[in-house]
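Before any comments, here is the structure.
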Amino acid sequence: MIAMDKWQVARLLEEISRYIELSEPNPFKARAFERAARAVEGLETDLAKLAKSGELTKTSGIGKATGAIIEELLQTGTSKYLEELRAQYPPGIFELLRVPKLGLKKIGILHSELGIGNLDELEAAAREGKLAKLKGFGAKTQEMVLAGIKFARQRESRFLLPTGIEVAESVREQLAGIAGIEDAEIAGSIRRRLEVVQNVNIVIATKSTEKVLAAMQKRGIVEGLESIDERTAKGMTRGDIVVLFHFAAPDDFGTALLRATGSTEFIDAFNTRAAKNGYELREDGLHHNGRHVKTPTEEDAFEKAGLTFVDPERREDGSDLALKKRRKLVELHDLRGTFHVHTTFSDGRNSVLEMLSAARERDFDYVGLSDHSPTASYAGGLSVERLKEQHAEIDSHRETVAPLRVFRGTEADILGDGSIDYDDKTLAKLDFVIASVHSKFNMPKDEMTERILNALDNPYVTFLGHLTGRLLLSREGYTMDYERVFEKAGARGVMIEINGNPNRLDLDWRHVKRALALGVRFSINPDAHSIREYGALLTGTWVARKGGLSPKEIFNTQPVDAIEAYFAARKEAARNADRR
Ligand SMILES: [Zn+2]
Ligand SMILES: [Zn+2]
């Protein structure tokens with residue numbers, strides 16, 4: 001058994017506290033587990049070691065009862081108490097939390113009084129007027145709940161791509177041990193690398209669907225796994241994520257994978273084109289003039305139907321099916337370096353040397369450090385004095401990290417009027433400047449556009465950071481006239497970054513085509529605040545691929561000498577620019 005880390009333990013403690021709140025009138029009991037979860041999360045020492053030393057209950061927030069459960073979780077991977085609680089409620093019970101104004105207390109009452117355990121049951125009961133009669137509910141609450149169900153359905157199970165991948169991979173791993181499964185691949189919007197996804201799709205190649213399904217049910221791979229038709233089964237993870245399994249004979253695996261990957265629009269376009277060659281994608285495989293054709297791989301399906309292979313990321317619509325040759329999309333290993341890296345000088349969690357060493361370990365040829373500017377005081381923005389200190393520190397490490405080349409930059413604030421948060425003299429000392437909006441997000445569109453256009457006119461600016469400032473599933477980005485911004489960025493030679501932070505993924509891939517047409521070049525940047533966050537280069541690469549970008553359109557696929565020459569040329573031009 002793999003030892004649980006503190007995050008997993010904290011999640012289970014939280015789950016216990018949620019269950020207790022459903023049934024227990026005494027609020028202190030639930031809170032004790034909640035507090036223990038927070039305490040475990042905040043531990044600086046190793047949880048397992050702490051438990052071994054017997055000092056667990058000496059930690060503030062962990063009591064005798066919660067401590068015993070933590071130890072049990074660490075030793076067995078679960079707890080009897082938690083299992084008992086789980087057994088008392090249907091697996092969908094917490095999806096009711098998605099209904100606004102419905103808290104755990106009320107959900108507990110709905111379950112104990114009316115046996116309600118999921119959204120459908122809640123809706124039925126509310127429509128029948130059963131809620132209005134319940135103590136503490138009333139007609140008004142019933143109405144609110146009905147409206148809330150609609151809302152909950154709309155945002156039902158929407159989650160970020162990395163969560164989806166994690167869930168899908170772990171489900172797929174569990175399938176590996178089941179006899180009769182010849183292959184299993186992740187499909188759906190996760191395979192298309194859509195930034196926000198709604199469910200997990202997995203295609204399974206097998207000759208004995210029923211046996212495999214029964215084995216999956218027995219193992220409890222997901223909760224409530226049931227077949228919904230001959231070839232599909234549906235279940236749900238503990239985290240309320242719907243998982244769909246698509247079963248196919250090994251000879252039809254390619255076609256099943258293609259269909260389950262979607263999108264609907266792409267599959268329609270595929271069928272329209274394939275029909276001209278006499279082919280059709282059907283539930284039971286590819287057919288040619290009504291006869292079944294074997295397609296063990298997806299490539300087979302494209303090839304036999306006479307169509308050019310389209311990478312999954314490019315399957316939102318059918319446009320790439322018109323291409324004569326497969327599009328060469330950028331890959332992570334095409335990146336030879338990166339920019340937009342923070343250090344402890346501002347709000348990063350690793351030092352200059354740590355960030356540089358990690359870049360070298362990734363085999364990068366170059367890296368560009370860029371901490372915040374003074375206006376971003378909340379993020380420890382650097383004064384001109386501190387910037388100098390950072391430069392001295394960078395210079396002191398150059399030999400240590402060679403042959404990695406280090407560029408000195410900044411992520412400078414675009415102020416309200418579009419000016420940049422350092423004077424020209426300071427900017428001239430930097431190799432590159434990322435200009436980003438970090439304040440006044442709510443400006444009217446026209447003003448925001450002018451603000452950004454002004455920033456692009458600053459000759460020292462080399463990159464435009466996180467274009468819209470959006471935070472997926474939580475904050476809409478600021479608006480602007482994209483046409484004008486792209487046009488200006490293209491004309492001025494300012495690169496628009498593809499910010500790979502999975503919460504941002506900003507530039508939106510939907511904008512890539514238009515920006516490219518207007519002459520924009522892109523850079524895939526991690527916006528890393530720690531060594532681990534260099535990982536955002538992978539998510540950033542997915543965005544670039546989804547936008548249809550090849551290596552030559554990405555700045556940081558270039559060799560270091562080309563990068564250096566570009567920066568030097570821009571700085572030369574900036575010095576000569578007429579800056580009245
Ligand atoms: Zn930023
Ligand atoms: Zn940043």
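A few comments on the model shown:
- For segment 517-540, taking the residues that are surrounded by fewer than 18 Cβ atoms within 10 Å (Cβ to Cβ) and of a type in the set (A, V, I, L, M), the one that is farthest from ligand 2 (Cβ to nearest atom) is identified as Ala517.
- Residue identified as within 16 Å of ligand 1 (Cβ to nearest atom) and not basic (Lys, Arg) among Glu411, Glu450: Glu411
- Matching entry among Gly416, Gly380 (being out of contact with any Leu (no Cβ under 6 Å at 6 or more places or on another chain), open to solvent by 10 Å² or more (accessible area, probe 1.4 Å) and modelled with pLDDT under 95): Gly380
- The condition of being aromatic (Phe, Trp, Tyr) and more than 15 Å from ligand 1 (Cβ to nearest atom) holds for only one of Phe441, Phe432, Phe486, that being Phe486.
- Number of the condition not met by Ala402 [criteria: (1) small (Gly, Ala, Ser); (2) closer than 20 Å to Arg336 by Cα; (3) within 13 Å of ligand 1 (Cβ to nearest atom)]: (3)
- When each of Ala32, Ala87, Ala51 is tested for being surrounded by fewer than 16 Cβ atoms within 10 Å (Cβ to Cβ), over 31 Å from the mean Cα position of the chain (by Cα) and in a helix (DSSP H, G or I), the lone residue that passes is Ala87.
- Of all residues making up segment 516-553, the number that are of a type in the set (A, V, I, L, M), under 15 Å from Gly490 (Cβ atoms) and under 23 Å from the mean Cα position of the chain (by Cα): 1
- Long-range neighbours under 9 Å by Cβ, at least six apart or interchain, first residue within 17 Å of Lys150 (Cβ to Cβ) within segment 120-138, second of a type in the set (Asp, Glu): Ala126/Glu143
- Condition check for Glu166 on (1) touching a helix residue (DSSP H, G or I) at 6+ places or on another chain (Cβ under 7 Å); (2) under 28 Å from Val212 (Cα atoms); (3) in a helix (DSSP H, G or I): one failure, at (1).
- Residue in segment 357-369 that is open to solvent by less than 50 Å² (accessible area, probe 1.4 Å), within 16 Å of ligand 1 (Cβ to nearest atom) and in contact with a helix residue (DSSP H, G or I) (Cβ under 8 Å, 6 or more places away or on another chain) present: yes
- Boolean, Lys207 is out of contact with any helix residue (DSSP H, G or I) (no Cβ under 6 Å at 6 or more places or on another chain) and at pLDDT 90 or above: yes
- Residue within segment 347-356 that is surrounded by 19 or more Cβ atoms within 10 Å (Cβ to Cβ), closer than 23 Å to Arg545 by Cβ and away from ligand 2 (no atom under 16 Å from the Cβ) present: no
- Of residues in segment 54-66 being within 30 Å of Lys106 (Cβ to Cβ) and out of contact with any Phe, Trp or Tyr (no Cβ under 7 Å at 6 or more places or on another chain), the one most open to solvent (accessible area, probe 1.4 Å): Ala65
- Filtered residue count, segment 541-570, keeping only those that are open to solvent by 40 Å² or more (accessible area, probe 1.4 Å) and either within 17 Å of Tyr460 (Cβ to Cβ) or small (Gly, Ala, Ser) (or both): 5
- Here Leu82 meets each of (1) under 30 Å from the mean Cα position of the chain (by Cα); (2) open to solvent by 20 Å² or more (accessible area, probe 1.4 Å); (3) within 30 Å of Leu47 (Cα to Cα) with one exception, condition (2).
- In this structure, Ile16 does not qualify as outside any helix (DSSP H, G or I), surrounded by 15 or more Cβ atoms within 10 Å (Cβ to Cβ) and modelled with pLDDT of 90 or more.
- Candidates Asn525, Asn501, filtered to the one that is within 15 Å of ligand 1 (Cβ to nearest atom) and in contact (Cβ under 8 Å) with a residue 40 or more places away in the chain: Asn525
- Filter result (within 16 Å of ligand 1 (Cβ to nearest atom), in contact (Cβ under 8 Å) with a residue 60 or more places away in the chain and touching a helix residue (DSSP H, G or I) at 6+ places or on another chain (Cβ under 9 Å)) within segment 453-471: Thr462, Phe463
The values are calculated or read from the model by the stated rules, or taken from the named source; none is laboratory data. The model shown is predicted, which means the values in this text are computed figures rather than measured ones. Every residue, glycine as well, gets a Cβ built from its backbone with ideal geometry; the counts of neighbours run over all protein chains shown. What goes into the accessible areas is simple: the full protein's heavy atoms, side chains included, and nothing from ligands, DNA or RNA. Shrake-Rupley method; radii C 1.70, N 1.55, O 1.52, S 1.80 Å.
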